[in-house]
Every structure is written in structure tokens, then in C-alpha cells.
1. Can you grab the distance from the C-alpha centre of the stretch 60-119 to the C-alpha centre of the stretch 311-328, Å, no decimals?
2. Beyond 23 Å, what percent of the Cα pairs of the stretch 1-96 remain?
3. Placing one identical point scatterer on every Cα of the stretch 52-141 and ignoring solvent, what is log10 I(q)/I(0) from the Debye formula at q = 0.11, 0.17 Å⁻¹?
4. Please report, largest first and rounded to whole Å, the three semi-axes of the ellipsoid equivalent to the stretch 1-41, where each semi-axis is the square root of five times an eigenvalue of the C-alpha gyration tensor.
5. Mind putting a number on the dipole of the chain about its Cα centre? Charges go on the C-beta only, +1 for Lys and Arg and -1 for Asp and Glu, and I need it in Debye to the nearest 20.
6. Rounded to the nearest 20 Debye, what is the dipole magnitude of the stretch 83-182 about its Cα centre when Lys and Arg each give +1 and Asp and Glu each give -1 at the C-beta?
7. In Å, what Kirkwood hydrodynamic radius results for the stretch 220-277 from the alpha-carbon pair distances?
8. Compare the Cα positions of Val227, Ser300, Thr210 along the charge dipole of the chain (+1 at Cβ of Lys, Arg; -1 at Cβ of Asp, Glu; about the Cα centre) and return the one farthest towards the positive end.
Amino acid sequence: MLHFKINSQVLADSLKKIEKVVNPKHTIPILQGISMEVTQEEIILIGSDSTESFRYHIPVDGESVEVFECGKAVLPKQVCEIAKKLKTQLELKLENFNLSIKYGKKSEFTLNTFDYEEYPKLPKFNIDKPSLTFKGADFGVLIKRTAYAASDSETRPILTGVNMSLESDCMTLVATDSHRLGQIKSTKITTEEPMSLVIPAKALDKLAKTFDLQEDISVYCESNNQVVFRSGQLFFYTRVLEGNYPDTTRLMPNSFKSEMKIGRKELLDSLDRISGLASGADNGKGGVVKLFVNGAATISTHQSQIGKGQEVVEYEELNGEDNFTISFSAKYLIDALKAVESDYILFKYQGDNRPFIITPTDSEYDETQLILPVRTLT
């Protein structure tokens, strides 16, 4: 049995927080639903796809939520759509795996539910003592600067993650797909015990889009293969990738032939305009463009049947050689420029066939975006 009343908006907002991981076509039938446990103090909702899980707690306040009888059930995902489309008080009652949802004077839905005992149990963590805590706004920045650079290919699973390492005085996040790299360091987040985790980049991106980044975020790392993030009453469980993350420190150059200060938005807009033409002009290599620096930054595509394009962007200043050419993926630089939030960036060049670096000129973090060039015949 299970019987309670709840404001439809409260239920809809709560279900929205967890439904991103619920797949109504999941090969495991029980994971097509949403776990619900009702007590006199709270309602606990869980959504899971077996690798990632959200858990949300709704407090029972006697007004927007009123409990008559405690119980447990696994609801079909369709309850999410019902709650979203109704703007009223809902009465939910479960009897023999049949859930009735009543509203208004005589309106009612009846849904078939799953057996609660078959729903996978989440690992237990001591939520009184997080491994570390940081501000949500900082978390959002850390993820934005790195997760985009992780690999989409399962050929090297470890590269689909973001390596999060903590020392006593610094936290470093880095992601790479072996062609580009995003790294950020923060001295705002410290820990008594050094740790290193590789967390799936897609999970972190999903978390950043779901959590309220105005609240603090706590991280729990008690398990060897799971990590839990908490923001208020919302918890996110995800696996930790196994294996050793490659040492990326050796990729970071210490000296450069040229450092060009240039407007981030101007460079981004130029690349955005020319990238479509570049994709059709580089024999399907992903939109390769050529940057020629000599008094200005000239971006051009290769000649093709479609034609060719050229954009000229004036730079603010340049230290070092003012005459170099380098080719690279337009998409990779576009992604890197979107990841940072500085008015100006430094384009650091160390050679025709050497990786180049992008760093913001005004950031409270130590940020680095690295991109490998593309070898071309011309």
C-alpha cells in the first residue's frame, strides 16, 4: 500500500531532476521506471540506467505533500508527463501494483507499476562526511573547461573521462581525446588526503546541467568504483573509470616562439563563419583551416570544388615571431574558445607541427587549452 497527496508542480519538478537517466526502452525492464519510497518524513525518488543514478528527497511538509500511508513502488516514466501537464493537487494510491492518480472532481489515471524489491539498490555512503565540498559555480567552470575535450570513442575508455586529482594545495581537472586537451587548476579546493579519480565526462556534463550551481556541491568517494555528488536534496551516483590516466604533464610546453593576444569572440565568430566551408574543402578531415600570422591573423580554407574562404582578424599584440603558419581543426579551436570566458586569449605558438596553447588573459584559474596541429601538403 501507498497513499499520499502532492502538488503536481512539486512532483513534476522533482521528477525532472531524475528522469534524465530513465530510459523507457531500457533492456532491463525495472530500470524503465522510477523508484519511489514514501515515509512520514520524505518521499525518495530514484532514477537509474545502471551506470548513473539520480536520487531526490522531497520533504513532507503537510501542505504541498501530505502522507496517509507509507509504502514503496516503482512507477512507469509516464507519470512524469502526467505531472507536467496537470496544475493541481494529485492523490496517488497504490494497491496490488496498480497506481491510481486522482485529480479534480472525478478525473483519474491508473498505471501499472513494477515490483520495488527488484529495483537495484544504490551503494550506501556516509553523507555526514564528504570527501570534499566546493561551490557550485566553481564546479560549473571546472567542468566546462575540460569535459568537452574528452573522447567519444570507447577504443580507450579511460579517455572518455575527466581526471580529477587533488593535492594538499590544488585541484586539477584534465581531459583529452589525444588530439586536444583541456586543463584547469584551482587553489580554492584543497583536501587533507590526496586523491585521483577519472569520472565519465558525459556524467559530469549531465550533472552540471541538472544541479543547482548556486548551491554548494559535496563529493563522496568512499567506494572504489563509485562516486556520489550532492547538491541540496539531489544526489548523483556515477561509476569511476578503471585504469591509469595518461601523464599529460609532458605535453605542456614551457617555451614558445610567439604569443599572440587576440579577441576571443572575434576569433570565434570568424572560425564559426568559415568552418562550414572548411568542412567541404579538406577532404572530410573535419574542417581543417590554416592560420597565417603576419601583421594580422588570417584564417583560410583549402581550395575545393565549392570554393575557398578567408577571414582576417586583427590581433591586439604579438610577442616573438610575426610570421608563422599552422593548420588545425576549426571545430577543436571553436570548442576551446567556447569553453573559456575571457575577452582576450593568448594564442601560444611553438612550431609548425607542435601543439599550440590557448589561455585566457583574465581568469582566476590556471587554464590551458591545447590543440594538436594537422599536417597538410600546402
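No lab work stands behind these numbers, since they all come straight from the coordinates. Keep in mind it's a predicted model, so treat the numbers as computed, not measured. All Cβ positions, glycine included, derive from the backbone under ideal geometry; neighbour counts span all protein chains shown.
1. 62
2. Details: 843 of 4560 pairs.
When every Cα pair of the stretch 1-96 is considered, 18 percent fall beyond 23 Å.
3. -0.49, -0.96
4. For the stretch 1-41, the semi-axes come out at 22, 14, 8 Å.
5. On the way: 44 positive and 53 negative charges, 239 e Å.
Charge dipole, the chain, about its Cα centre: 1140 debye, nearest 20.
6. 640
7. Computed over the stretch 220-277, the radius equals 16.9 Å.
8. Of the candidates, Ser300 comes out farthest on the positive side.
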